[in-house]
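Written out below as structure tokens is the structure these notes cover.
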Amino acid sequence: MTTVLDDHELAAQIAREAGRLLVRRRAEGASKDDGDRESNELILARLAVARPDDAVVLVGHSGAGPLLAQVGFARRAARGVVGGYLFLDAGLPRPGRAASRLDLMTGEDPVLAAELRAALEAGARFPARCTQPRNGP
């Protein structure tokens, strides 16, 4: 017999499982980012099985805010349900245009973004990628 859990019970069960995974992975030497990613994937997978028809609330923090509209569009195109958007200390999407790399950077580091914007306007090219943090090794 299958027991159907209410939302609180399900959330608690999944949180415990994700917590155990995270603790185990960190003990095995996984990085914080890898442990966070793996526990997040576990949460999403468990929710997809337990509540396949539930809507999701998309949360964007900082520079990811402008991407939420595009993520929501892709989710709806794949027949997923978006229950809402939460912009947590985040930039907002601009109507009629997608967020650029510079828009996203502005949300993360406005000073660096302003410096880069000035360099681009003077003819510099956008770097292909950054391999090191701006303020550290």
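With a sphere of radius 14 Å drawn around the Cβ of Gly35, what net charge do the other residues whose Cβ falls strictly inside it have (Lys, Arg +1; Asp, Glu -1)? After counting each charged neighbour, the total is -1. Subtracting the Cα-Cα distance of Ala11 and Val57 from their residue separation scaled by 0.36 nm leaves 15.1 nm.
Note on Arg117 and Asp36: their simple-model spin labels are 2.7 nm apart, each label 7 Å out from Cα toward Cβ.
Calculated FRET efficiency, Ala27 to Val81, Cβ-Cβ distance, R0 = 41 Å: about 0.65 to the nearest 0.05. For Val59, nonlocal amide neighbours, meaning residues 5 or more places apart or on other chains whose placed amide H falls under 5 Å from its own, are Leu86.
Only the coordinates and a few stated rules stand behind these numbers; no lab work does. As the structure is a computational prediction, the values presented were derived from the model and not from experiment. Ideal geometry is used to build each Cβ from the backbone, glycine not excepted, and the neighbour counts take in all protein chains shown.
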